[in-house]
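Each remark here refers to the structure printed beneath this line.
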Amino acid sequence: MAERKKYDPALVKVGELITEKRKALGHAYNSRESFISLRSDELFGGETWISSRHLANLELGKNWISIEKLIVLAAALEENPVDLFEEIIQTYQKYK
């Protein structure tokens, strides 16, 4: 997926929400790389489930998340995908 060329402050807030949820899992998940690696081992049988670049683009508000990645990311964040989607929508609308 191509990065957005235009800055979207609401999408940046969505990225911040994702970052906060990741870091709330604990110190071991503070870096994107450790989060991806640990969750890969813990939840996805060692399989690659997201790249560091893709997660960075989501967290920095450069890309929208696909439904497929939302479901997988919700599992990694220990969130219900529907609740996470609603929170993303509310955050986006609040800052749009």
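So how tilted is helix 32-43 from the main axis of the chain? Cα-based, degrees 0 to 90, rounded to 10.
50 degrees
Subtracting the Cα-Cα distance from 0.36 nm times the residue separation, let me have the gained length for GLU87 to GLU20 in nm, one decimal.
This chain segment gains 22.9 nm when fully extended.
Can you work out the PRE-style zone for VAL12? Point 7 Å along Cα to Cβ, and I want the residues of region 46-88 with backbone N under 12 Å.
Hits in region 46-88 for VAL12 at 12 Å: 60-62.
Hey, fewest Cβ within 10 Å first, where do ARG32, ARG22 land in order?
The most exposed by this proxy come first: ARG32, ARG22.
Work out how much length LYS94 to SER52 would gain on full extension: take 0.36 nm times their residue separation and subtract the Cα-Cα distance, in nm to one decimal.
12.4 nm
At 222 nm, what value in deg cm²/dmol follows for the chain if DSSP H runs of at least 4 each add -39500 (n - 2.57) and the sum is divided by all its residues, to the nearest 500?
-20000 deg cm²/dmol
Bear in mind that the values in this text are calculations on the coordinates, not laboratory data. Note that the structure is predicted; figures quoted are calculated from it, not measured. Don't worry about glycine lacking a Cβ; one is built from the backbone with ideal geometry, like all the others, and counts go over all protein chains shown.
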